[in-house]
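Notes follow the structure.
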Amino acid sequence: VPVEDAFAVLDRAATLRGGGLLGEAHDLRVRAGVLGMAGRFAEAHELVARSRAIYEELGAPTIMITTSQINAETLLLEGRPHDAEGVLREMHEAYEEMGETAFNSTICALLGHALCDQGRFDEAESFAKRSRELAAEDDFASQGDWRLVMARVLTHRGSFEEALAVADEAVAIMDATDYLDRQGGGHEARADVLAAAGRADDARAAYGEALDRYERKGNVVAAARVRARLDRLVSDGAV
């Protein structure tokens, strides 16, 4: 669903749902995620705070923690990986204590991304491996994202062929879904590998694929990030 249409969908969902504080709290978090894609971060954080207040009022701290993935992804999009890491670690610890694996596998992969964003690649690798260990075979989010984390780790180490192979696997997994934003993330990570390997023309094509997905989704923040990376290729004289 494109961002510009998402609020109407959420309004319809709220009508169907009716009253109930738990439903309202979750609705606020989803709306926050959509606002983040639109670059409206201050509004997004306000909605997250309102949802947190509802969970506290209900005395539901575990639910408050385990429904924070959208908040963490919004923080990553905003360029705040340290803050995202804190949210994700809290979720990971809660899931570990419960013995839960389905959501935990995705959270481990997202933790890997947050750590890569901070240049902590060895730690990121450990969470990618934990995600791989926990992930169900048909869990496209986990199966795609742990591979993207490993592609980033391997690129950092200069193992470009291995990084590209695992990125290609992730792209194939994501492109088989209708999740435009995750498709964009796969193509963007693949482009980063190609750019680091000095394959500028291939990188430009891959960034183009990522930009197409982000623009179709309406994720203006990610689209701007990809455009900046394309501009950097040009300014470096690579294309």
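The values are calculated or read from the model by the stated rules, or taken from the named source; none is laboratory data. Nothing here was measured: the structure is a model prediction, and the numbers come from that model. Cβ: placed from backbone, ideal geometry, glycine included. Neighbour counts: every protein chain shown. Side chains are part of the model used for accessible areas, which takes the heavy atoms of the whole protein and leaves out ligands, DNA and RNA. Shrake-Rupley method; radii C 1.70, N 1.55, O 1.52, S 1.80 Å.
Miscellaneous remarks
- Test: LEU154 is at pLDDT 95 or above, of a type outside the set (Val, Ile, Thr), open to solvent by less than 60 Å² (accessible area, probe 1.4 Å) and farther than 28 Å from ALA38 by Cβ: yes
- Screening the candidates VAL221, VAL149, VAL171 for the property of being in a helix (DSSP H, G or I), open to solvent by less than 10 Å² (accessible area, probe 1.4 Å), of a type in the set (Val, Ile, Thr) and touching a Gly at 6+ places or on another chain (Cβ under 6 Å) yields one hit, VAL149.
- Restricting ARG190, ARG216, ARG227 to residues that are touching a residue at least 40 places away in the same chain (Cβ under 8 Å), in a helix (DSSP H, G or I) and open to solvent by 50 Å² or more (accessible area, probe 1.4 Å) narrows the list to ARG216.
- Just so you know, in the range 50-73 the residues that are among the β-branched types (Val, Ile, Thr) and touching a Leu at 6+ places or on another chain (Cβ under 8 Å) include one that is surrounded by the most Cβ atoms within 10 Å (Cβ to Cβ), and it is ILE54.
- A count restricted to the range 3-39 and to residues that are among the small types (Gly, Ala, Ser) and crowded, with 19+ Cβ neighbours inside 10 Å stands at 5.
- Of the helices (runs of 4 or more DSSP H) entirely within the range 59-141, those holding at least 1 residues that are of a type in the set (D, E, K, R) occupy 69-78, 81-98, 102-117, 121-134.
- Close pairs from the range 85-111: first among the acidic types (Asp, Glu), partner surrounded by fewer than 23 Cβ atoms within 10 Å (Cβ to Cβ) and assigned to a helix (DSSP H, G or I), Cβ under 6 Å, at least 6 apart: GLU90/ILE65
- Of the residues making up the range 193-209, one or more are out of contact with any Asp or Glu (no Cβ under 9 Å at 6 or more places or on another chain) and either closer than 30 Å to TYR95 by Cα or part of a loop (DSSP other than H, G, I, E, B) (or both).
- Per the listing GLY198, GLY144, the residue uniquely open to solvent by 50 Å² or more (accessible area, probe 1.4 Å) and in contact (Cβ under 8 Å) with a residue 40 or more places away in the chain is GLY198.
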